[in-house]
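Enquirer: So that we are looking at the same thing, I have put the structure below in structure tokens.
The values are calculated or read from the model by the stated rules, or taken from the named source; none is laboratory data. On a predicted model such as this, the values are computed, not experimentally measured, just so you know. For neighbour counting, all protein chains shown are included, and Cβ atoms are generated from backbone atoms with ideal geometry for every residue, glycine included. These area figures cover heavy atoms from the full protein model, side chains too; ligands, DNA and RNA do not enter into them. Shrake-Rupley method; radii C 1.70, N 1.55, O 1.52, S 1.80 Å.
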Amino acid sequence: MERGFGRSPTFLVGSERQRHNLEQLQRREQHLAEQYQKNKPLCFVASAYQQTHPAKAQGGHIDADVTVVSPMMVGVADGVSQIAEYGLDPSELPKELLKACEELAMQQLMPDGMKMKQGMYKGPIPLMREAYEATEALGSTTALLAVLDNSTIIHGKLHPMIAVLSIGDCEILVLRHLQGQSARESSLEAIFHTEMQRIDGNAQCPLQICRLDERVDADFDERMPLEVIERGAAVHCVSAYEGDIVVMGSDGVFDNLFLDEIVDICNEFLVRDPASKFVPTEQALLQEVAHRIVEACHAKTRPNQFGQYLDAPIGKGGKRDDTCCVVAEVVEWTQARSEAWARIRRQRRWRNIFTCGGSFEACCEDDEEGIEESARSFGTGRENTRGGDPEGSEEEEEEEDSDERRCVIS
């Protein structure tokens with residue numbers, strides 16, 4: 001029963017060691033597809049699933065994987081487990097960071113009704129920097145964001161883009177339905193995939209965003225996390241089209257599953273007839289896909305019925321690790337979705353007001369469950385645009401604009 005990597009914690013990487021690798025890991029790339037479609041804003045409908053590896057759960061380890069799903073941004077962060085050795089909760093910084101990213105994305109990217117906001121969003125790097133500066137927790141984490149930018153204009157027409165920011169070894173895979181040999185064949189195929197950012201290729205030392213004190217690193221430089229964000233982040237802009245599938249996960253996903261295995265799982269569940277009108281996928285099905293991917297990751301770390309370990313990208317038998325996965329579909333931003341999300345935001349604001357003094361805590365805990373249930377049920381994929389035929393507004397093209405606005409990558 002030969003096996004490879006087994007369980008291995010993620011190690012903290014010192015400031016100087018990270019600084020010397022920033023230029024090598026940095027990416028600034030655009031991936032444009034020239035198949036312009038109808039002039040409409042897009043959003044994500046997404047679900048997430050995560051599971052602590054049984055071997056870690058038995059030892060009482062804290063699961064530091066964190067996910068966020070919202071209409072204009074999905075994200076994954078993986079807290080560095082070694083932080084727990086210093087009496088710190090490794091999940092606190094990734095939780096604070098993704099929450100701040102989500103709030104900023106909602107402020108800067110959420111359309112005002114059906115109109116795009118202009119001038120607020122400056123790109124994924126300024127968003128991540130502002131989010132980090134809004135956090136206070138000590139810790140260290142990798143992070144991956146996919147931001148749906150509806151402000152890009154090419155040849156005078158709206159051209160939505162997915163802006164990807166990656167710091168560390170979480171990865172993203174973008175899939176698109178491509179027509180097969182016959183008119184009724186369509187399967188998802190990979191059109192974009194990021195690479196891991198690991199110091200000297202060491203699987204235990206990814207690039208990290210951190211805030212440390214003297215207990216952990218006496219030489220910690222407070223400027224280092226901002227340097228990592230601004231100089232080390234890998235940023236890509238990818239054309240987005242209705243029906244695209246985004247799969248993102250912690251290293252527990254991509255160390256254990258080959259890309260074709262992930263694509264096969266998605267094709268098993270997300271079947272589409274190219275001859276039929278596009279219908280958004282039910283959110284429950286997206287969660288089932290995420291669940292299946294995580295299960296397949298953990299299965300790699302167990303021997304099969306013949307007592308053999310299966311091959312994995314990191315080696316035979318994979319890596320025993322906490323694993324989280326987000327599966328999102330790109331769909332049209334409709335009036336119904338706008339009204340549903342506006343309602344969720346109002347509920348969240350009221351919750352924040354009434355919990356400031358602490359006297360409404362017990363009451364609002366129940367209310368919070370209702371709000372998050374509303375958020376989970378938002379955009380399940382079968383709502384109709386108000387005012388008759390949902391396709392009616394799509395025929396109205398924006399006026400030609402000689403100035404092009406490109407996806408911001410710096």
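Enquirer: Would you mind putting 271-282, 229-240 in packing order, based on average other-beta-carbon counts within 10 Å, highest first?
Expert: Averaged packing, sorted descending, gives the order 229-240, 271-282.
Enquirer: Label-point separation (nm) for Asp264 and Asp311, each offset 7 Å from Cα along Cα-to-Cβ?
Expert: Reported label-point gap for Asp264 and Asp311 is 1.2 nm.
Enquirer: Full-extension gain between Arg345 and Asp221, please, as 0.36 nm times their residue separation minus the C-alpha to C-alpha distance.
Expert: This chain segment gains 41.0 nm when fully extended.
Enquirer: Sort 302-312, 41-51 for me by packing, meaning the mean count of neighbouring Cβ atoms within 10 Å per residue, highest on top.
Expert: 41-51, 302-312
Enquirer: Roll a 1.4 angstrom probe over the protein heavy atoms and tell me the percent of accessible area of the stretch 247-317 that is carbon or sulfur.
Expert: Accessible surface attributable to carbon and sulfur in the stretch 247-317 totals 51 percent.
Enquirer: Can you tell me how much longer the chain between Ala134 and Met120 gets when fully stretched, taken as 0.36 nm per residue apart minus their C-alpha distance, in nm with one decimal?
Expert: 3.3 nm
Enquirer: Please compute one quarter of the surface area of the Cα convex hull for the stretch 127-167 and express it in square nanometres.
Expert: For the stretch 127-167, the mean projected area of the Cα convex hull comes to 3.5 nm².
Enquirer: Here is a follow-up. Along the positive direction of the dipole of the stretch 196-247 (beta-carbon charges: Lys, Arg +1; Asp, Glu -1; about the Cα centre), which of His236, Gln204, Val247 reaches farthest?
Expert: It is Val247.
Enquirer: Going by the alpha-carbon gyration tensor, a ≥ b ≥ c the square roots of its eigenvalues, is the stretch 142-257 rounded (a/c under 1.5) or, if a/c is not under 1.5, prolate (a/b greater than b/c) versus oblate?
Expert: Oblate, because a/c is 1.5 or more while a/b does not exceed b/c.
Enquirer: Separate question: When a/c reaches 1.5 or more, the comparison of a/b and b/c decides; with that in mind, is the stretch 253-297 rounded, prolate or oblate per its Cα gyration tensor?
Expert: Because a/c hits 1.5 or more and a/b fails to exceed b/c, the stretch 253-297 counts as oblate.
Enquirer: Counting only protein heavy atoms, what percent of the accessible surface of the stretch 38-105 is carbon or sulfur at a 1.4 Å probe?
Expert: 45
Enquirer: By per-residue mean of other Cβ atoms within 10 Å, what is the highest-first order of 211-221, 327-337, 122-132?
Expert: 327-337, 122-132, 211-221
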